[in-house]
Structures are given as C-alpha cells and as structure tokens.
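Enquirer: Below is one structure. I have some questions about it.
Nothing in this text is a laboratory measurement; each read-out follows from the coordinates by a stated rule. What you see is a predicted model; the values in this text were computed from it and never measured. Every residue, glycine as well, gets a Cβ built from its backbone with ideal geometry; the counts of neighbours run over all protein chains shown.
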Amino acid sequence: MLTRLHISSFIALTIAVWLLALWFQGMPVLSADFIKPFGTVVGIITVVVALFNKYMWAWGIFKGWYVKRPDLRGSWKVELKSSWIDPKTGKGIDPIYGYAVIRQSLTYLSVRLMTKESRSLLVAHSIEQQEDADLFKLVGVYRNEPKIELQGVRSEIHHGSFALEVHGSPVYELQGHYWTDRATKGGMKLSDKTKKLYDTYEQAVRENGN
C-alpha cells in the first residue's frame, strides 16, 4: 500500500519532471504554457509508478527506509504437520509436503499452495510489521480444493487461516501454524525458495527431482 512518503515523492517527481519539460521546450515556467506538457508528465509518472509497483519496490536501494515489505516472490517447498488423528488407527499422519508459489508486487500478493492431493488459494492476507521494525508476519485466509476424485470420498473443500513469521532479509524461511474450519490445525514451514514460479505440483516435483 502506498504511504504518505510515497505519495509525497511522486508529487515532487511530477513537479520536477513538469518543470524540466517546460525548460527543455524553452517556455516560461509560470506562464499559461505551463499546462502544455501535462500529458507527457502524466505518461511518465504513470510508467514510473507501474514499474515501481511491479519491480522497483524490491530493489535493495529502497529496502528498509522507503519500502517496508518483505520480498516473498518465488516457489517454496512446504512442510505441513497436521494435528489430525485418523479415527481408524488412533494415530496421527505423516507430514505433508508440497510447494507454495508466491507472486507479489508492492500492492498485490497471491499464494498458491499445491500438494499431491489438493491446492489452496489465498482469499485475503495481511503482512504485519512486528514490534521489531525488521520482523514481519504473513497472515491469511485460504480456500482448499481437493482433487475432484477425492471430494466426497476422503476430503472436502474447506477454508482455513494461517500465521507465518517471516525470517531473514533476504527472506529464507516462513514458519508458523494453520487451522481450518474442519477443526484441524498444525505447523507450517516454507523453505528452500527458487525464483521459478511453478504452475502445478507435478511440474514442481518434476523439476526438483523429488
């Protein structure tokens, strides 16, 4: 989300570009001709804002003092440790492994978590700055969709929430817990990030060799 600092900076940049455009055209800065380069200035600022929102916000030169938002982009290996107890055996289940693909800009974030049997899509989220300015937490609500052949047999569409602490700068791990409307909960860890964004679980497994 744009802050007061961002807005002030863009306004100052607009004025500076406008004055420079007038000067290059040899026009009096405070005359009626002041309005003439309006379209050019708006076009330049629009491009700069779009580039900043999509790419430049993550540049190291802006980190910390200008942009306080961790860069989570990439594909992460996921480990889920569920508290669910199998009623037939009375025992817990083994950890579930998968991949989380995170797409991000300054104002946008999407997370797709894929396992062998289902996928989860982010419905809402917030990146919260903690008491220490360098610590962040990602919290969200998601919708889980099991594969169609499993619905009505072993698993159903459901919703859940998660809270993950963001570790490192650059970020190397997200760790925390999740809970669902099926009265289950457990631990969640994202690690071993790669830059490539996978489309399916099968592609991620194939390209990671596991």
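Enquirer: Would you please name the chymotrypsin sites (Phe, Trp or Tyr not before Pro) within the range 43-94 that are DSSP coil residues with at most 10 other C-beta atoms within 10 Å of their C-beta? All intermediate terms of the calculation are to be shown ahead of the outcome.
Expert: Numbers: sites: Phe52, Tyr55, Trp57, Trp59, Phe62, Trp65, Tyr66, Trp76, Trp84; in loops: Tyr55, Trp59, Trp65, Tyr66, Trp84.
Counting only loop positions with at most 10 other Cβ atoms within 10 Å, the chymotrypsin sites (Phe, Trp or Tyr not before Pro) in the range 43-94 are Trp65.
Enquirer: Assigning unit charges at the beta carbon (Lys, Arg +1; Asp, Glu -1) and nothing else, what dipole magnitude in debye, to the nearest 20, does the chain show about its Cα centre? Walk me through the numbers on the way to the answer.
Expert: Working: 26 positive and 20 negative charges, 45 e Å.
That gives a dipole near 220 debye.
Enquirer: Restricting attention to the alpha-carbon atoms of the range 61-105, what are Rg (one decimal) and Dmax (integer), both in Å?
Expert: 18.0, 56
Enquirer: Picking from Thr14, Thr40, Thr89, which is most flexible by a Gaussian network model of the chain using Cα springs under 10 Å?
Expert: Top of the fluctuation ranking is Thr89.
Enquirer: Shifting gears a bit: Given contacts defined as C-alpha pairs under 8 Å and at least six residues apart, what's the relative contact order of the range 4-54, whole-number percent? Could you put the intermediate results ahead of the total?
Expert: Details: 20 pairs, mean separation 17.5, N = 51.
Contact order relative to length: 34 percent.
Enquirer: Now, a different point. Using Cα pairs under 8 angstrom and six or more residues apart, how large is the relative contact order of the chain, in percent? Spell out each step's value before the answer.
Expert: Details: 347 pairs, mean separation 35.3, N = 210.
That works out to 17 percent.
Enquirer: Counting only C-alpha contacts under 8 Å and six or more residues apart, can you give the relative contact order of the range 152-210 as a whole percent?
Expert: Values: 61 pairs, mean separation 14.0, N = 59.
RCO, the range 152-210: 24 percent.
Enquirer: For the chain, what is one quarter of the convex hull surface built on the Cα atoms, given in nm²?
Expert: Working: hull surface 63.9 nm².
Result: a mean projected hull area of 16.0 nm².
Enquirer: Given the DSSP H assignment, sum -39500 (n - 2.57) over each helix run of at least 4 residues in the chain and divide by its residue total; what's the result at 222 nm in deg cm²/dmol, nearest 500? It would help to have the intermediate numbers written out before the result.
Expert: Numbers: 3 runs with 46 residues, N = 210.
After summing the helix terms and dividing by the residues of the chain, the value is -7000 deg cm²/dmol.
Enquirer: Counting only GluC sites (Glu not before Pro) that are in a DSSP loop and have at most 13 other C-beta atoms within 10 Å, tell me the longest site-free stretch of the chain.
Expert: Working: sites that count: Glu131, Glu149, Glu156.
Longest site-free region, per DSSP loop and neighbour criteria: 1-130.
Enquirer: Now for a different question. For the chain, set up a Gaussian network in which alpha carbons nearer than 10 Å are linked by springs, and say which option among Gly160, Gly92, Gly74 fluctuates the most.
Expert: Highest fluctuation among the options: Gly92.
Enquirer: Then there's this: Write out the trypsin sites (Lys or Arg not before Pro) in the range 74-116 meeting two conditions: DSSP loop, and at most 14 other Cβ atoms within 10 Å of their Cβ. Mind dumping the intermediate values first?
Expert: Details: sites: Lys77, Lys81, Lys88, Lys91, Arg103, Arg112, Lys116; in loops: Lys88, Lys91, Lys116.
Counting only loop positions with at most 14 other Cβ atoms within 10 Å, the trypsin sites (Lys or Arg not before Pro) in the range 74-116 are Lys88, Lys91, Lys116.
Enquirer: What list of whole percents do you get for P(r) of the range 4-54, with Cα-Cα distances grouped in 5 Å bins up to the one holding the largest distance?
Expert: Taking all Cα pairs of the range 4-54, the binned fractions are 4, 21, 28, 21, 14, 8, 3, 0 percent.
Enquirer: Then there is this: Specify the residue with the greatest mean-square fluctuation among Val166, Val141, Val41, computed from a Gaussian network of the chain linking alpha-carbon atoms under 10 Å apart.
Expert: The residue with the greatest mean-square fluctuation here is Val41.
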